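Right, one structure below, let's go through it.
The values are calculated or read from the model by the stated rules, or taken from the named source; none is laboratory data. Computed from a predicted structure; not experimentally measured. Cβ placement follows ideal geometry from the backbone for every residue including glycine, while neighbour counts extend to all protein chains displayed. Keep in mind that these areas ignore ligands, DNA and RNA; they rest on the heavy atoms of the full protein, side chains included. Shrake-Rupley method; radii C 1.70, N 1.55, O 1.52, S 1.80 Å.
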Amino acid sequence: MRPLSLALTAQRARDGTDALTRRRVLIAALFLGVFPWLMPYKALAINVLIYGLYAVGFNLLYGYLGMLSFGHAAFFGTGAYGCGIVVARWGKPWFLAIPAGVFSAAVVALAIGYLAIRTRGIYFAMVTLALAQCVYYVFFQAESLTGGENGLRGVNVRSISLPGVSLNLLRPTTKYYFILFFVVVALWIVSRILASPFGAVIEAIREREARARACGYNVAAFKLITFVVSGALCGLAGALNAIHLSTVPIESLVYETSGLAVIMSLLGGTGTFFGPFVGAAAFLLIQDLTALWTEHWQLIAGAVYMIFVLFFPRGIWGSVLEWLYR
Amino acid sequence: MSGDVILSTIGVTKRFGRFFALRDVTVAFNRGSLTSIIGPNGAGKSTYFNLLSGALSPTTGKIFFEGRDIAALPQHTFAHLGIAKSSQITSVFPELSTVENVRIAAQARRVRYNFWTPRARYIELIDKAQALLEVVGIAHRGDLPARALAHGEQRALEIAMALASEPRLLLLDEPTAGMSPVETRTMMDLIAGLAAKRTVILVEHKMKLVMGISQRLVVLHHGEIVAEGTPDEIRGNDTVRRIYLGGRKF
Amino acid sequence: MAASAGVAVALVPSGFAALRAQQVPIRVGFPVPLTGPYGAEAKDQVRAAQLAIAEFNESGGLKGRKAELLVRDDKLNPGEAVTRTLELIESYKVDSIVGGLSASVQLSINNVTKERKVLFNSISQSDVINEAQDFSIYTFHEALNPHMTTGAVGRYVFPRFGKRVVFLAPDYAYGHEMVRGFLSVGRQFNIQVLAQILHPLGATDYSTFFPRIQALKPDLVCICNFGRDQQLSIKQATDFGLKRNARIVVPILLYTARVAAGPKAYEGVIGGTSYYWRLEDTIPSAKTFNDRFRKAYGGAVPSDYGSLGYAGVRTVLEAMRRAGTTDVARVVEAMLGLKYDFYKGPEYYRACDHQAVQSVVIIESKSKDMESPADVFNILHVEQPAQTHLRSCQELGHTA
Amino acid sequence: MTLAPDVLALQLLTGLALGALYALLAIGLSLIFGMLTVVNFAHGAFFMVGAYVGFFLYGLTGSFWASLVGAPLAVGAVGLVVERFLVRPLYGRGLDYPLLLTFGLAYVLVEIVRILFGKQGLPFDTPEALSGAVDVWVGYFPLYRLFVIGAAAAATLAVWLFIDKTSYGLIIRAGARDPVIVRILGIDIARVWLAIFGIGAALAGFAGVLAAPLQGVAPEMGDTVLAEAFVVTVIGGMGSLLGAVVAGLLVGVTISMTSLFAPEMARVCVFALMALVLLVRPQGMFGRAGLLS
């Protein structure tokens, strides 16, 4: 059970009366602005942005609505392929490709969500997993469009012309800020949603679904909408990843990628605004640094998860909050 | 019977597999009345209550609310029709603050699919939630998470949440279950006060409790209505006495 | 960033540039899958690559400028490989990338180096890397490709062991390319294809395919998969008694996989390879390479994929030495001019697709008369390098 | 395509052998989930450890039978330690925490095996007495696969007898239905859970050592099998032994039959089957409705 102080803090966050909460997007933007200089190298910092957004999108469904999905790779991957195909196969510019990625992820989320929200608990997790595997298979087989196992190459967005400026995305710092722009916009949207009446309802559904229904809320509709928004956010992360890597690996769609969202969220702290981001950063850093000095990095990574589960069950950010508001 | 019937069930039957939980229940409830549905455990009271609140749909039969057949409508629409319930098992949003619990319930009538406006912007909802907490007597606990409330307070919170949707019909399922005598007293006073302004249907198995405040009683047994009438009529009814109290006088 | 650094070097006086060149080593990035199922191959590649670096440095480097190897774990994941390649290029300003073990990793690295004009020598099998669409003038392909391998194996087995053929291949580009290669060479010998069976990549149970294959009564079963898929399918085929009436042929017979699976399962299996250490019996450069490797690593012999790590790094360094600079355009030119025999006999890079034209070794797994645990294959035949064994430049889409 | 009945029959038999292994794994998963509500992501790793312990014992003693007995015991012991010291502190914290813990544990176990036995897989020869193919009337079939079917059937029967016929099994069944009642009766439910986790792990280890002569051993061998075992468990209905067995065989046969007609679809059709079953019957074929929903 969470300590009362933490519940109160969380409530102030919901009400938007907490200073940290009212400025949370600004704080995130400022921190992420200097973040690349805290990381070993830029490409890793960009990975944190992208997987952080991916985990935030997932956490909207899992942490706030309380539904555990094992199929979010389907949205990350569809977003990546949607964006990648528009650039690499159809030769269209980035400003069409990114929305195309988000949109295709949302469509897939609508289809999967429509079927999956009839089930609950562990069965929901398994249905999303199964349907995501089917999505994987479709993209794997559509080799002429997706490149199949070889992945989709040639998602090359070298430079971006905006009125007055031209951005060279081959420069890592420029690429970082280009991607940061989208991530901050997405965080702002998530923050608004969480603070809105809609956000209040999804938390109520997490707390007690039957009661929310009795209050007069169409729970199925709220679940489906949240599922689609969550899928679209993960799709945006995928689309940005396609531009970052300039390829789309088929690994974007495997179930390990779905698992990544779960792990990152839990590691950082589910149901908190910054938690998933912190989790993504911690996860990628642990992996990156340990892989440099030992081939057995998975031993360390595995042990770290276990320690967190046993001793810091609220995740890194959740534990920080708890300590702050003792 | 007067013409102003707010709710009626006509020939309502609910079957689970081969088991009949309710059989051919026909009752009418007048606007502004306080009716109690009583009966021993397993009589079908909770099933009946779930049908009235939309949690279940009848196998056959019709349920009319203000002249409209609502038997097949999804549960979440009931609150918008003007029907609210508080259930037998305490059902609040435990991690959310007490005032937020009521605010969310009140919000359902005002704004649902708004993704953008900060909820704090709807000041009238917060005021309304605070006022309802006053009504049920737990306004001083508004900031605590609901799970930190005492049992009786949680039941009061539930009633505040039910009231938040401004129901014309209030359904209360054993509102005093598990309460201490003091808490029970407070709760019954509260219910009596509420009944002055709206129609209330109360489900109880503690018969003594409802005798004093109910205008009418409906007695269920084995899924069927065995008696209905004023408290005095029921008190004098032999069938009720036999099946419900094993023949003892009360 | 890489480009601007290049400009900066060009702008400062040449004397200073020479001084700077002496201080900063030549950096070769080396992304290989150290963790995961091909960890053994990857480790061998690193060891062999380090040998090439050491040789280069001992022989004076590039006008005294030493080389160093920056090893990164690509985790067999293209996303990770790109991230690491970006790190190597952006943070370490590497002069070249050598590595990649799976086709998808190789192609994604290629995409990055192509855009950033960085020299890449790829040491993984794939046909796509030669094709015009993915071609980069900065990319060379030191490994064999499926077309060459299956061509050599097909030319050896089809006339000798029969024409009734069943293909069992994993359902992805690598498998499709292998089957296509076999079919292409098979046309010359009028083989009769009884069935082409695709299995999911990474399957663990192949037994479900064998009743049907047995019923078809083939002379040859071509199992076109790799790594653990290959180990499992061959072992299970043996259990099912497939070898009683048919011969099992694989395009690439991996040294490490054979050592791991043991002699029994692989007994009598025929396949191709880029390198087997017993080449030293006939080829002096192989002897030299093996001896150096043995000396450096406690008597061990290099594996096929391992030696590719050596060749991949050594050709790049040799080209830099000949060009007298690490300037990428001039190194590419020097690469194309190389005629080298570093470990397996003569090789050179074809101009249109930068594919290393080289010999293919046909080997058979043996179960008796082994002189040492490393003595696992008989060399049946060495097919000498010839451009005619490659797909033509036109076929690959290269104009000019 | 020629569809001789004997090919179909052999294919069916192959599917049963495959399904028998799935069933063994799924029984363990299902027991652990049904009784402890722990989604055990380390189950694949237990399978792998079983195979390696079998490999080690086979090399040490030269007897396959010794490894067949020793591996499940060793993995069962690992399971006991894991439950007692790692999983137990997490009861009552919801589904997610045991899930993440066992996920991390799987990483650790795989890496420990890599350190001890190397990254490369190792060969595991079919024991002499069980190698070769036998005439099963419709054609030749590997003897060892018949043995796998028999051994899995025997293990399943033993588990079923234990749970259905012994007094200890009675407690387990009661504990699954209502842990509070069992505690009121004065039975230490913690010990029941400990035993269940141990048995589940041992079954995974047994499946691992049975699979070793088919696949050899490799540190990653648990990864693919885990996904498939989950699918089987879910199709059968979490917590149902009968469901695990039926779904295991069903999935095995489905894979082998698709291998005949559209081999490249063999794996995805299993997931499609799972999606289909769940959408029609959300609790799985034999699962109880409402469990953990």
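Measuring spread by the Cα atoms of region B:124-208 yields a radius of gyration and Dmax of 12.7, 40 Å. At a 1.4 Å probe radius, carbon and sulfur cover how many percent of the accessible area of region B:83-166? Of all accessible area on region B:83-166, carbon and sulfur atoms account for 55 percent.
With the simple spin-label model, which puts each label point 7 Å out from Cα in the Cβ direction, the A:Ser166 to D:Leu279 separation comes to 5.0 nm. Sequence-ordered 3J(HN,Hα) estimates for region A:248-254 from the Karplus curve with 6.51, -1.76 and 1.60 and θ = phi - 60° stand at 10, x, 5, 4, 4, 9, 6 Hz, glycine and proline given as x. Take the accessible area of D alone and of A alone, subtract that of the pair with a 1.4 Å probe, and the total buried over both chains is about 3700 Å². For a modelled paramagnetic label at D:Arg173, 7 Å from Cα along Cα-to-Cβ, the residues of region D:226-248 in reach, with backbone nitrogen under 13 Å, are D:241-242.
Taking Cα centre as origin and charging only the Cβ of basic (Lys, Arg, +1) and acidic (Asp, Glu, -1) residues, the dipole magnitude of region B:83-166 rounds to 280 debye.
Each 5 Å bin from 0 upward holds the following percent of the Cα-Cα pairs of region A:115-177: 4, 14, 13, 10, 9, 11, 14, 11, 9, 4, 0. Using equal-weight Cα scatterers in the Debye expression, the normalised intensity of region B:83-166 in log10 at q = 0.17 Å⁻¹ is -0.61.
In straight-distance terms, cross-link reach from C:Lys243 covers every one of the lysines whose alpha-carbon lies under 21 Å from its own, apart from those fewer than eight places away in the same chain; here that gives C:Lys163, C:Lys217, C:Lys235, C:Lys264, C:Lys366, C:Lys368.
With the convex hull of its Cα atoms as the shape, chain D has an orientation-averaged projected area of 16.1 nm².
Across the options C:Asn190, C:Phe120, C:Asn110, the greatest Cα extent toward the positive end of the charge dipole of chain C (unit charges at beta carbon of Lys, Arg, Asp, Glu) belongs to C:Asn190.
Accessible-area loss of 10 Å² or more (1.4 Å probe, protein heavy atoms, chain alone versus all protein chains) is found in region A:97-130 for A:Leu115, A:Arg118, A:Thr119, A:Arg120, A:Gly121, A:Ile122, A:Tyr123, A:Met126, A:Val127, A:Leu129, A:Ala130. Evaluating 6.51 cos²θ - 1.76 cosθ + 1.60 at θ = phi - 60° for every residue in region A:296-308, the Karplus couplings come out as 9, 4, 5, 5, 5, 4, x, 5, 4, 4, 5, 4, 5 Hz, glycine and proline recorded as x. Amide H to amide H distances under 5 Å link C:Ala195 with C:Phe167, where only residues 5 or more positions off or on other chains count and H is placed in the peptide plane. Between region B:182-242 and region D:179-230, the C-alpha centres lie 54 angstrom from each other. If R0 is 51 Å, what FRET efficiency do you get for D:Phe162 and C:Ala54 from their C-beta distance, rounded to 0.05? Working from the Cβ atoms, E equals 0.25.
When the pairs B:Lys85/B:Lys128; B:Lys85/B:Lys206; A:Lys42/D:Lys119 are compared against a 27 Å limit on Cα-Cα distance, A:Lys42/D:Lys119 fall above it. For the protein assembly as shown, the Cβ-based charge dipole about the Cα centre amounts to some 2320 debye (Lys, Arg positive; Asp, Glu negative; other atoms uncharged). Remark: region D:255-262, residue by residue, has Karplus-estimated 3J(HN,Hα) of 4, 5, 6, 5, 4, 6, 9, 9 Hz, where x stands for each Gly or Pro and the curve is 6.51 cos²θ - 1.76 cosθ + 1.60 at θ = phi - 60°. Near the amide H of C:Ile248, within less than 5 Å, lie the amide hydrogens of C:Val221, C:Ile270, all on another chain or at least 5 residues away, with H placed in the peptide plane. Here the scattering of region A:196-296 is modelled by Debye summation over its C-alpha atoms, one equal scatterer each and no solvent; at q = 0.20, 0.23, 0.24 Å⁻¹ the log10 of I(q)/I(0) is -1.16, -1.31, -1.34.
Shown for the protein assembly as shown: cysteine residues without a partner Cβ closer than 4.7 Å, namely A:Cys83, A:Cys134, A:Cys215, A:Cys234, C:Cys222, C:Cys224, D:Cys269. A cut-off under 13 angstrom between Cβ atoms defines the neighbours of D:Val136, and their net charge, with Lys, Arg +1 and Asp, Glu -1, is -1. For D:Ala42, no residue 5 or more places off, or on another chain, has a built amide H under 5 Å of its own.
Within the shell defined by Cβ-Cβ distances under 10 Å, the residues around C:Leu101 carry a net charge of -2, with Lys and Arg each +1 and Asp and Glu each -1.
The mean sequence separation of alpha-carbon pairs under 8 Å and at least six residues apart, normalised by the residue count of chain D, gives a relative contact order of 37 percent. Helices that extend 15 Å or more along their long axis by alpha-carbon positions and average at least 0.0 on the Kyte-Doolittle scale are, among the DSSP H runs of chain B, B:123-136, B:151-164, B:181-195.
With everything on Cα atoms, drop me the angle between helix D:266-280 and the longest principal axis of chain D, reported from 0 to 90° to the nearest 10. Taking Cα atoms only, the helix is inclined about 40 degrees.
Each Lys or Arg adds one and each Asp or Glu takes one away; over the other residues whose Cβ falls under 14 Å from the Cβ of A:Leu167, this sums to +3. FRET efficiency for the C:Leu380 to D:Val81 pair, using the beta carbon distance and R₀ = 35 Å, is estimated at 0.10.
Normalised by 2.2 N^0.38 Å, where N is the number of residues, the alpha-carbon radius of gyration of the protein assembly as shown equals 1.05. Accessible area per residue for region A:129-258 is 29 Å², calculated with a 1.4 Å probe on protein heavy atoms, without ligands, DNA or RNA. How large is the accessible surface of A:Cys215 in square angstrom, using a 1.4 angstrom probe and rounding to the nearest 10? Roughly 10 Å² of A:Cys215 is accessible to a 1.4 Å probe. In chain B, the alpha-carbon atoms span a convex hull of 135 Å³ per residue. The helix-only estimate of mean residue ellipticity at 222 nm for chain A, built from DSSP H runs of length n ≥ 4 each weighted as -39500 (n - 2.57), is -23500 deg cm²/dmol after division by the residue total.
Atom-type composition of the exposed protein surface of region C:15-108 places 52 percent of the accessible area on carbon and sulfur (1.4 angstrom probe). Annotation: per residue accessible area for region C:112-218 equals 29 Å², rounded to a whole number [probe 1.4 Å, protein chains only]. Global size of region A:23-254: 18.0, 55 Å for Rg and Dmax (C-alpha atoms, Rg to one decimal, Dmax whole).
The Cα center of region B:63-138 and the Cα center of region A:33-56 differ in position by 42 Å. Among B:Pro40, B:Thr59, B:Tyr113, whose Cα projects farthest towards the positive end of the dipole of chain B, with charges put on the beta-carbon of Lys, Arg (+1) and Asp, Glu (-1)? Selected residue: B:Thr59.
Summed over both chains, the accessible area lost when D and C associate is about 3000 Å², using a 1.4 Å probe.
Among the residues of region C:238-284, those with an accessible-area drop of 20 Å² or more from chain alone to full protein complex, heavy atoms and 1.4 Å probe, are C:Asp239, C:Phe240, C:Arg244, C:Ala260, C:Ala261, C:Lys264. Computed across region D:30-141, the Kirkwood radius stands at 16.1 Å (inverse of mean 1/r, all Cα pairs).
For region A:23-254, a simple Cβ point-charge model (Lys and Arg +1, Asp and Glu -1, everything else neutral) yields a dipole of about 420 debye relative to the Cα centre.
Taking every protein chain into account, the accessible area of region D:25-127 amounts to 32 square angstrom per residue (probe 1.4 Å). Contact order, relative form, for region A:148-270: 39 percent (alpha carbon pairs under 8 Å, 6 or more residues apart, mean separation divided by residue count). Mean sequence separation of contacting Cα pairs (under 8 Å, at least six apart), scaled by the length of chain A, corresponds to a relative contact order of 30 percent.
Once whole DSSP H runs in chain C are found, which of them have Cα atoms spread over 24 Å or more along the helix axis and a mean Kyte-Doolittle score of at least -1.0? In chain C, the long hydrophobic H runs are C:39-58, C:304-323.
Can you pull the percent of chain D's accessible area that's carbon plus sulfur, 1.4 Å probe, other chains left in place? Percent of accessible area from carbon and sulfur atoms in chain D: 72. Per residue, the Cα convex hull of region D:201-293 amounts to 112 Å³.
Buried surface between chains C and A: roughly 2900 Å² of accessible area, summed over both sides, computed with a 1.4 Å probe on protein heavy atoms only.
Once you reduce region C:225-250 and region A:254-287 to the center of their Cα atoms, the two points are 41 Å from each other.
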